[in-house]
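Chemist: I am attaching a structure below and will ask some questions about it afterwards.
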Amino acid sequence: MENRKPIRRNTVHPILIDIAFPITTPRLMIRNVMPGDGKAMHEVLEESWTDLCNWMEFTNHGLKSTDDTEKIIRENHARYILREDMMCAAFTHDGRLISMCGLHDPNWALRSFDIGYYVRSSEHNKGYATELANALTRFAFGALDANRVSISAASGNAASRRVIEKLEFGLESVTKFDAYLPDGSPTGHASYVRYDIESLPDLEVSWAN
Ligand SMILES: CC(C)(COP(=O)(O)OP(=O)(O)OC[C@H]1O[C@@H](n2cnc3c(N)ncnc32)[C@H](O)[C@@H]1OP(=O)(O)O)[C@@H](O)C(=O)NCCC(=O)NCCS
């Protein structure tokens, strides 16, 4: 706490902030979504739909067509340019899309970001979510000058909570009820936060300069 850098209020207009994607880790390349990603994202959604329907609110709207998925990608590309959100895609080094993830709800004045992710079902339990969330956390503090990085999971989402706990985020709050899961059952959320990268598991991560 005592050694933490002083927290400054950001005064630069967000659209002028340069963002050093892509991020490279031993197994992944992570970058903002780009026009043309829709087809691969649609394949991931199709493959993973049953798992996603357990936890992800967007599944309430049903599985979109490839074109509608490309529309979502392009809208999010535009939001990235405006620095309103940073939806990302994580690929293996041979180009296979592994995860849709991101640094969401950026508050550029506070320099706070919220990490989100899902991993394609055929790649679960191989450490990908842990690797990409570690990388996004390091990127937020190291390249975006973050003061605060959060991750939340539905209380019963044991796999996601395990990812966050492996990364030693601190538990900040647990709500009893604040949302409905896609199946209509009520849920609370566990919210975890980091104010620095202290004790974050080692990971070789680099990004563009
Ligand atoms: C949550 C999710 C992203 C995890 O991705 P992943 O790449 O499989 O995660 P990792 O392999 O890095 O770590 C998963 C950990 O959870 C554990 N785990 C998996 N299923 C579990 C379960 N049902 N109960 C308890 N732990 C579980 C794994 O054993 C592993 O821990 P370990 O390394 O100690 O063995 C993935 O399951 C997913 O996409 N789920 C659907 C969407 C979702 O829930 N997104 C998160 C919303 S907050």
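The values are calculated or read from the model by the stated rules, or taken from the named source; none is laboratory data. A quick note: this is a predicted structure, and the numbers were derived from the prediction, not measured. Note that each Cβ is placed from the backbone with ideal geometry, even for glycine, and that neighbours are counted across all protein chains shown. For the accessible areas, the whole protein counts, side chains as well, though only heavy atoms, and no ligand, DNA or RNA atoms are used. Shrake-Rupley method; radii C 1.70, N 1.55, O 1.52, S 1.80 Å.
Chemist: If you check every pair at least six apart or on different chains, which have Cβ atoms under 9 Å apart with a residue in region 126-146 that is over 16 Å from GLU204 (Cβ atoms) first and a residue that is part of a helix (DSSP H, G or I) and within 16 Å of the ligand (Cβ to nearest atom) second?
Modeler: The qualifying pairs are ALA129/ALA159; ALA129/SER160; ALA129/VAL163; ALA146/THR137.
Chemist: Hey, any hits in region 73-82 for a residue that's among the aromatic types (Phe, Trp, Tyr), more than 16 Å from the ligand (Cβ to nearest atom) and more than 20 Å from LEU171 (Cα to Cα)? Spell out the reasoning first.
Modeler: To start, the set of residues in region 73-82 that are among the aromatic types (Phe, Trp, Tyr) comprises 80.
In the following step, the residues that additionally are more than 16 Å from the ligand (Cβ to nearest atom) were identified as 80.
Filter once more, so that each one left must be more than 20 Å from LEU171 (Cα to Cα): 80.
Scanning region 73-82 turns up at least one residue that is among the aromatic types (Phe, Trp, Tyr), more than 16 Å from the ligand (Cβ to nearest atom) and more than 20 Å from LEU171 (Cα to Cα).
Matching residues to (1) open to solvent by 80 Å² or more (accessible area, probe 1.4 Å); (2) assigned to a loop (DSSP other than H, G, I, E, B); (3) within 16 Å of the ligand (Cβ to nearest atom); (4) in contact with a Gly (Cβ under 9 Å, 6 or more places away or on another chain):
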position: VAL12; (1), (2), (3), (4): no, yes, no, no
position: PHE21; (1), (2), (3), (4): no, yes, no, no
position: MET34; (1), (2), (3), (4): no, yes, no, no
position: MET41; (1), (2), (3), (4): no, no, yes, no
position: CYS53; (1), (2), (3), (4): no, no, yes, no
position: ASN60; (1), (2), (3), (4): yes, no, yes, no
position: GLU70; (1), (2), (3), (4): no, no, no, yes
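Chemist: Restricting attention to region 114-139, and to residues there that are closer than 12 Å to LEU28 by Cα and of a type in the set (S, T, N, Q), which single residue is most open to solvent (accessible area, probe 1.4 Å)?
Modeler: Here the residue is THR130.
Chemist: Return yes when SER199 is more than 30 Å from LYS39 (Cβ to Cβ), crowded, with 18+ Cβ neighbours inside 10 Å, among the hydroxyl-bearing types (Ser, Thr, Tyr) and more than 15 Å from the ligand (Cβ to nearest atom) and no when it is not. Even if it seems obvious, please write down each step before you answer.
Modeler: On the way: more than 30 Å from LYS39 (Cβ to Cβ): yes; crowded, with 18+ Cβ neighbours inside 10 Å: no; among the hydroxyl-bearing types (Ser, Thr, Tyr): yes; more than 15 Å from the ligand (Cβ to nearest atom): yes.
For SER199, the condition - more than 30 Å from LYS39 (Cβ to Cβ), crowded, with 18+ Cβ neighbours inside 10 Å, among the hydroxyl-bearing types (Ser, Thr, Tyr) and more than 15 Å from the ligand (Cβ to nearest atom) - is not met.
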